[in-house]
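One structure is given below, encoded as structure tokens.
The values are calculated or read from the model by the stated rules, or taken from the named source; none is laboratory data. Everything numeric here is computed off the predicted structure, so don't read it as measured data. Heads up, the Cβs are rebuilt from the backbone with ideal geometry, glycines too, and the neighbour counts pull from every protein chain shown.
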Ligand SMILES: NC(=O)c1ccc[n+]([C@@H]2O[C@H](COP(=O)([O-])OP(=O)(O)OC[C@H]3O[C@@H](n4cnc5c(N)ncnc54)[C@H](O)[C@@H]3O)[C@@H](O)[C@H]2O)c1
């Protein structure tokens, strides 16, 4: 993700320049630095502390997020941190508390689907009001072949969190309960069951998420809102139908980088613009905490095979109306 963000920053974001790069792996770091013309820095703290650096983008593994974001907040630097906000709920809470102490929103979490033109168009249709109130949201999140290290906990906590965040964004609502149920494992991936999350919102919408990382045929993300007067769905992306080999159908991107290329670009454009304007955009640290707390309840539901209530901390004033 870091290399991808660096490429997009260099190619498409005229209002910012990538000044410096750090990676624990010096070979990867120098590859990105060479491709982007950025300075190589051997230490993350030194990069964050450097007065020549205006803002920081973090795309290191989940466990590094909390200490690195806290270091950015200590220097009062805007930071775009990849999702999830932190590897633990305590880490999320520490970030929220530090940001509230500073009195200003500086953290954006990398839930890029909020910038995807398809989800934004769904939200616009919902806000026009003609469809009435939403009742259901059906979500599908399929990967072709997931890596061996993906456990059920990671599938829910690292992948389904995208649906959790984007459903909150679309519905403007919080989840109050979750149940996870699982069919048998596919014979193509016998060690890992797919999952179905059923989430209930405070205002009474039911959201289901099929999380299936071994679907074989490609990367496929779908969403449909079912409302009182009709439905609105994500269109296939890219929206071209191909006729070949006796078939008529839509091509699928091999993974999220292709499917959400435009969302990543708009995310960075709007993040950079928000630094200049001082008006934060996207998922806040609070949204990051809520997504992780909701995912933690879903993991608990999966482990205990029971419906779990979702109890959130009190939302600090800094995030009211955000
Ligand atoms: N928004 C999205 O769609 C999306 C997609 C994929 C990954 N992600 C997130 O991006 C982050 C990175 O995922 P990835 O798939 O690129 O992982 P990756 O393993 O491919 O890359 C992580 C990089 O971080 C480096 N690293 C490890 N420890 C470090 C440290 N302490 N300090 C600095 N660098 C360190 C590694 O050397 C590696 O180059 C994760 O948090 C992941 O959840 C988000």
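Looking at (1) more than 24 Å from the chain's Cα centre (by Cα); (2) surrounded by fewer than 19 Cβ atoms within 10 Å (Cβ to Cβ); (3) closer than 24 Å to residue 273 by Cβ; (4) within 14 Å of the ligand (Cβ to nearest atom), can you tell me which one residue 47 breaks?
(2)
Conditions (1) over 15 Å from residue 144 (Cα atoms); (2) part of a strand (DSSP E or B), marked per residue:
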site: 179; (1), (2): yes, yes
site: 184; (1), (2): yes, no
site: 187; (1), (2): no, no
site: 191; (1), (2): yes, no
site: 196; (1), (2): yes, yes
site: 204; (1), (2): yes, no
site: 208; (1), (2): yes, yes
site: 211; (1), (2): no, yes
site: 214; (1), (2): no, no
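Among the candidates 182, 203, 241, which residue alone is over 18 Å from the mean Cα position of the chain (by Cα) and at pLDDT below 95? Walk me through how you get there before you give the answer.
Values: 182 fails: at pLDDT below 95; 203 fails: at pLDDT below 95.
Being over 18 Å from the mean Cα position of the chain (by Cα) and at pLDDT below 95 holds for just one of 182, 203, 241, which is 241.
For region 297-311, name all the residues that are more than 17 Å from residue 201 (Cβ to Cβ) and in contact with a helix residue (DSSP H, G or I) (Cβ under 7 Å, 6 or more places away or on another chain). Please lay out each step first, then the result.
Going residue by residue through region 297-311, those that are more than 17 Å from residue 201 (Cβ to Cβ) are 299-300, 302-306.
Correct list: 299, 302.
When region 16-40 is examined, which residues are found to be touching a residue at least 24 places away in the same chain (Cβ under 8 Å), near the ligand (Cβ under 9 Å from one of its atoms), part of a helix (DSSP H, G or I) and surrounded by 15 or more Cβ atoms within 10 Å (Cβ to Cβ)?
32, the sole residue that qualifies.
Would you check if residue 307 is touching a strand residue (DSSP E or B) at 6+ places or on another chain (Cβ under 7 Å) and touching a residue at least 60 places away in the same chain (Cβ under 8 Å)? Can you show your working first?
Values: touching a strand residue (DSSP E or B) at 6+ places or on another chain (Cβ under 7 Å): yes; touching a residue at least 60 places away in the same chain (Cβ under 8 Å): yes.
Here the answer is yes, as residue 307 does meet what is asked.
Which residue is nearest to the ligand (Cβ to nearest atom), if the candidates are limited to region 100-126 and must be assigned to a loop (DSSP other than H, G, I, E, B) and buried (at least 17 other Cβ atoms within 10 Å of the Cβ)? Spell out the reasoning first.
Just the residues of region 100-126 that are assigned to a loop (DSSP other than H, G, I, E, B), to begin with: 103-106, 110-111, 116.
With the extra rule that they be buried (at least 17 other Cβ atoms within 10 Å of the Cβ), the set shrinks to 105-106, 110-111, 116.
Values: 105: 19, 106: 19, 110: 4, 111: 7, 116: 11 Å.
Per the criteria, the residue is 110.
I need the full set of residues from region 5-15 which are under 23 Å from residue 256 (Cβ atoms) and assigned to a loop (DSSP other than H, G, I, E, B), in order please. Before the answer, list the steps.
Here is the first cut: in region 5-15, the residues under 23 Å from residue 256 (Cβ atoms) are 5-13.
Result: 13, single match.
Exactly one of (1) farther than 22 Å from residue 306 by Cβ; (2) surrounded by 17 or more Cβ atoms within 10 Å (Cβ to Cβ); (3) more than 18 Å from the chain's Cα centre (by Cα) is unmet by residue 166. Its number?
All conditions are met except number (3).
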